[in-house]
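The values are calculated or read from the model by the stated rules, or taken from the named source; none is laboratory data. Only a predicted model underlies this, so the values are computations on that prediction, with no experimental measurement involved. With ideal geometry, Cβ positions are generated from the backbone for all residues, glycine too; neighbour counts draw on all protein chains shown. Just the protein is used for accessible areas: all its heavy atoms, side chains included, with ligands, DNA and RNA removed. Shrake-Rupley method; radii C 1.70, N 1.55, O 1.52, S 1.80 Å.
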Amino acid sequence: MKALVVMLLATGLLLTADAVKKHRRVQGGGFSWDHRRSAGMWNDSPQDGQDEIPDVIQANDVDALEDGDDNTDEMPGVYRIEEPCREMECGAGRECWFNEESEEGECRCIVECGRENDPRRQVCSNHNVTYPTECDLFRALCLCEEGSEECEDPEKLADAHIEYYGACRDIPKCASEELADFPRRMREWLFNVMRELAERKELSYHYQKMEQEAEEDLSKRWENAAVWKWCDLDGEPADKSVSRHELFPVKAPLQSLEHCIGDFLEGCDVDGDHQITLKEWGACLNLEASNLEARCETLNKSDE
């Protein structure tokens, strides 16, 4: 079980809603800063095809400006673009570019995602197509949305999204007996992961107290773990329900490892409204609804 908990931590079961928020990007010669760093491409030399693109303020230059040094006279060919792009959030597959005419930032499709040879960065789309990274998938989607000639398949990519992490593979069907036992396994996983995070001091004080309560009162073990995870998935805005989109941090990392996770989560939405309430979440885990209380940190703060 310990090994399984470590695997779940590593694969991202515990990703919060922040994990699927839009990334803020600052354009730098065709590559966003955050992307170029993650792709191992960050350096001071120009990339292919950048000869006609003026230099852009580098990361250390922006740090200097933030510290109060506003002198760019000694920086030839510098765009003062850090402010408009810094305040913009572009959707997945897009990055911020500075428009000289309007002197404002605008979101465009990422020019290039960079080379990535690590198979662990691969993602499988809902159309069973493997992409080198999620950047490549969302860039392809962006190109189609913008009507670019580079769009490979407009019809197929119209509703493309990440189905799970890793290369596409044949995932066996979930047998009825496996699905019947899945709630028990899920309860155990949730509590053990919650315990692991508590030991690492990676839970907030609010949820740390809930974990300690579960340790002292075994009758609250499964309930507290279930409430914690449901609250964790109910991202901004915290509307007391978990959407299918908010389930992504649970489903995507585990789909290729646990072939029943998709069927299990699908079954949690009993009324088919694409939202999972705490009551539905508890029923899905075979827990008594009367024992569950929405003790979310965000909800408690809003009631203060």
(message) Six or more apart or on different chains, Cβ atoms under 8 Å: show the pairs whose first residue is in segment 181-198 and of a type in the set (Val, Ile, Thr) and whose second is open to solvent by 10 Å² or more (accessible area, probe 1.4 Å).
(response) Val193/Leu9; Val193/Leu14
(message) Between Glu216, Glu293, Glu266, which is among the charged types (D, E, K, R), open to solvent by 10 Å² or more (accessible area, probe 1.4 Å) and either within 30 Å of Ala175 (Cβ to Cβ) or under 21 Å from the mean Cα position of the chain (by Cα) (or both)?
(response) Glu266
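Restricting attention to segment 106-119, does a residue exist that is in a strand (DSSP E or B) and touching a His at 6+ places or on another chain (Cβ under 9 Å)?
The first filter runs over segment 106-119 and keeps only residues in a strand (DSSP E or B), leaving 106-109.
Next cut, touching a His at 6+ places or on another chain (Cβ under 9 Å) only: none.
No: zero hits.
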(request) Among the residues of segment 245-263, write down those that are open to solvent by 10 Å² or more (accessible area, probe 1.4 Å) and closer than 21 Å to Leu292 by Cα. (result) Glu246, Leu247
(request) Among the candidates Pro119, Pro84, Pro132, single out the residue that is in contact (Cβ under 8 Å) with a residue 40 or more places away in the chain, open to solvent by 20 Å² or more (accessible area, probe 1.4 Å) and not acidic (Asp, Glu). (result) Pro119
(request) Scan segment 140-166 residue by residue and report those that are open to solvent by 50 Å² or more (accessible area, probe 1.4 Å) and in a helix (DSSP H, G or I). (result) Glu145, Pro154, Glu155, Lys156
(message) When the residues of segment 219-244 are narrowed to those that are assigned to a loop (DSSP other than H, G, I, E, B) and small (Gly, Ala, Ser), which ends up surrounded by the most Cβ atoms within 10 Å (Cβ to Cβ)?
(response) Gly235
(request) Read through the list (1) open to solvent by less than 80 Å² (accessible area, probe 1.4 Å); (2) part of a helix (DSSP H, G or I); (3) among the charged types (D, E, K, R); (4) out of contact with any Gly (no Cβ under 6 Å at 6 or more places or on another chain), then give the number of the only condition that Arg184 fails. (result) (1)
